[in-house]
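Data block below; observations after.
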Amino acid sequence: HKFLDLGADNLILMAFKTAENHQNFILRCYEGYGKSTAINLKNNLGLKISQRINLLEQSQSQSPTITPWQIATFALEKQ
């Protein structure tokens, strides 16, 4: 079993860590096959995506679509 499933084989997990605010978690991944895809997070930790953020953990676009070769960062919160 995977503890985090990003929902697509072309999304590669780069980082999973506690957020700077210590209340949420941060998930960073990249698209590695050269095709756009949407993240569809499944996990056994009771976490859901709350928003897409930048590297400084500031709110960014709400789009779950990750373009070819793009690095994407998401804030996760408990459901």
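At a glance:
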{"item": "The chain: relative contact order as a whole-number percent, Cα under 8 Å and 6+ apart", "result": "35"}
{"item": "For ASN24, residues with placed amide H under 5 Å, excluding near neighbours", "result": "ALA19"}
{"item": "Loop sites in region 5-60: GluC sites (Glu not before Pro), DSSP, at most 11 other Cβ within 10 Å", "result": "GLU20"}
{"item": "Cα-centred dipole magnitude for the chain, charges only on beta-carbon of K, R (+1) and D, E (-1), debye, nearest 20", "result": "120"}
{"item": "Cα gyration tensor shape of the chain, rounded if a/c is under 1.5, else prolate or oblate by comparing a/b with b/c", "result": "oblate"}
{"item": "Whole-Hz couplings from phi, Karplus 6.51/-1.76/1.60, listed for region 20-27; x for Gly and Pro", "result": "4, 7, 6, 10, 10, 10, 10, 10"}
{"item": "FRET E, pair ILE12, GLN60, Förster distance 25 Å, beta-carbon r, rounded to 0.05", "result": "0.80"}
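Taken together, the values in this text are just the output of simple stated rules run on the coordinates, not laboratory data. This one's a predicted model, so the numbers in the text were calculated from it and none came from an experiment. Heads up, the Cβs are rebuilt from the backbone with ideal geometry, glycines too, and the neighbour counts pull from every protein chain shown.
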